[in-house]
Amino acid sequence: MKATSVPDTEPRGATYGADSRHYVAAGIPTVLFGPGSIEQAHFPDETIEWADVEQARETIAETAVRFLQS
């Protein structure tokens, strides 16, 4: 299978609020991609590098393929 450029990591939680909680409450597995660190979040002119958006897209697509093939 195609590997993404995201290093293998263990899932982890954080005590930050996000709208994804509504999906979790409905029983929908959820993954949240953010700006890199919480220190970068929720500031005026918050931005993300386009390469990071593409990396997230590739990771989500690869995860969907693996999930649907199992």
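The values are calculated or read from the model by the stated rules, or taken from the named source; none is laboratory data. Note that the structure is predicted; figures quoted are calculated from it, not measured. Every residue, glycine among them, receives a Cβ derived from its backbone with ideal geometry; neighbour counts consider all protein chains shown.
Figures for the structure shown
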quantity	calculated
Within segment 19-50, considering residues that are surrounded by 12 or more Cβ atoms within 10 Å (Cβ to Cβ) and among the aromatic types (Phe, Trp, Tyr), the one modelled with the lowest pLDDT	Phe33
Matching residues in segment 12-44 - criterion: being within 16 Å of the chain's Cα centre (by Cα), in a loop (DSSP other than H, G, I, E, B) and not small (Gly, Ala, Ser)	Arg12, Thr15, Tyr16, Asp19, Ile28, Pro29, Thr30, Val31, Leu32, Phe33, Pro35
The listed residue being β-branched (Val, Ile, Thr), touching a helix residue (DSSP H, G or I) at 6+ places or on another chain (Cβ under 7 Å) and either on the phi < 0 side of the Ramachandran plot or modelled with pLDDT of 85 or more (or both), out of Thr63, Thr4	Thr4
Breaking point among (1) part of a helix (DSSP H, G or I); (2) hydroxyl-bearing (Ser, Thr, Tyr); (3) over 22 Å from Arg12 (Cα atoms), for Thr47	(1)
Selection status of Val53, assigned to a loop (DSSP other than H, G, I, E, B), surrounded by 10 or more Cβ atoms within 10 Å (Cβ to Cβ), under 13 Å from the mean Cα position of the chain (by Cα) and among the aliphatic types (A, V, I, L, M)	no
